[in-house]
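Below: the structure, in structure tokens.
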Amino acid sequence: MKTNSILKTVITLFCLIPVMVIGQKSASGISHSFFIAGPQFTGIIDEAGEVVWDSQKAGARDGYVLKNGNILVCWADEVKEFNKKKEVILSYKRAEDLMELGTAVRLSNGHTLITESGTQPRIVEIDKKGVVVKSVPLQPETDNVHMQTRMARKLKNGNYLVPHLLAFAVKEYQPDGTVVNTFSTDYEQFGGRSAETWPFTAIRMKNGNTLVTLTHGNRVVELDANGNIVWEIDNSLFSEKPLVDPCGAQRLPNGNTVIASYGAQKGIKMFEVDPDKNIVWTYEAHRAHHFQILTTNGKPVKGTPLK
């Protein structure tokens, strides 16, 4: 056999060996760095699986690594922005002990969007000094503070997309609090409300579709503009049964979807599927409530993260 033929054979065999760094596995050679907002750990993991930034406070709900390198984190009791020196440059605390903050997103105008669950659930926008400059009342249809709402995001049209768990609904709100559209998630084909298909993360994509994780229902669906399911995954598709209370999700620029199985106590905690529903990457170390994929094989994920 010629030398170049031997080399090609060795390379081919090597490519068939699953790539594994600390916690990460991929038969196709994918490696990510990512931010995790999780119950035991909140920080950044590099592509080697090592911790490169640690907030030193567990139990985060949401968070973003911003374009300037700062890190925005939401816990139930407070939201903080850290600069590169790990100094806190923005802080917002809940007004009452019974309230829960659920998400924090930096908006294009520099404001920060935060959800507040409580007796008067709302979205607030705060300025760079932490002062509330806008308040939008929400309709979660329950007094259960913890189960009122999750990952709210602001749309390009100025409206807000908000998942309400016990309402089994993703609602679109105008800035005055008027609901202008609702996607119900108590699908009869999945078993109705007894299946607990509570919406957690709802992501409006460039094509107008909406990706929604359905927590206890252990499903992820993509909906068209009319609320029809055009793509879905559940555990019947995978021998690994990786969907265990899927909470956070992110649609990557290549069309793949990364999902956090928040309820997984062992095994797969996060995984990536391609549009054809093949698992191409898994992560088995820290549990994640939500997350942000930062790089893939050394290259930064471009554009505004769809998460």
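The values are calculated or read from the model by the stated rules, or taken from the named source; none is laboratory data. Here the structure is a predicted model, which means the values were calculated and not measured. When we count neighbours, we look across all protein chains shown, and the Cβ atoms used for this are built from the backbone with ideal geometry, even at glycine. We work out accessible area using only protein heavy atoms, side chains counted, and drop any ligands, DNA or RNA first. Shrake-Rupley method; radii C 1.70, N 1.55, O 1.52, S 1.80 Å.
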_With the structure loaded, tell me whether residue 49 is open to solvent by less than 40 Å² (accessible area, probe 1.4 Å), outside any strand (DSSP E or B) and farther than 18 Å from residue 266 by Cα or whether it fails that test._
no
*Picking from 137, 163, 121, which residue would you name as being touching a residue at least 24 places away in the same chain (Cβ under 8 Å), of a type outside the set (A, V, I, L, M, F, W, C) and in contact with a Leu (Cβ under 7 Å, 6 or more places away or on another chain)?*
121
*Which one is nearest to the chain's Cα centre (by Cα), of the residues in region 253-291 that are under 20 Å from residue 66 (Cα atoms) and open to solvent by 10 Å² or more (accessible area, probe 1.4 Å)?*
289
*How many residues are under 18 Å from the mean Cα position of the chain (by Cα), without any contact (Cβ under 8 Å) to a residue 24 or more places away in the chain and open to solvent by 40 Å² or more (accessible area, probe 1.4 Å) when one looks only at region 207-233?*
1
*asked:* Against the conditions (1) more than 22 Å from residue 242 (Cα to Cα); (2) small (Gly, Ala, Ser); (3) modelled with pLDDT of 95 or more, where does residue 5 fall short? Just the number, please.
replied: (3)
*Could you count how many residues in region 40-85 are out of contact with any Cys (no Cβ under 9 Å at 6 or more places or on another chain), in contact (Cβ under 8 Å) with a residue 40 or more places away in the chain and charged (D, E, K, R)?*
1
_I'd like the full set of residues that are open to solvent by 30 Å² or more (accessible area, probe 1.4 Å) and among the hydrophobic types (A, V, I, L, M, F, W, C), limited to region 63-93._
65, 88, 89
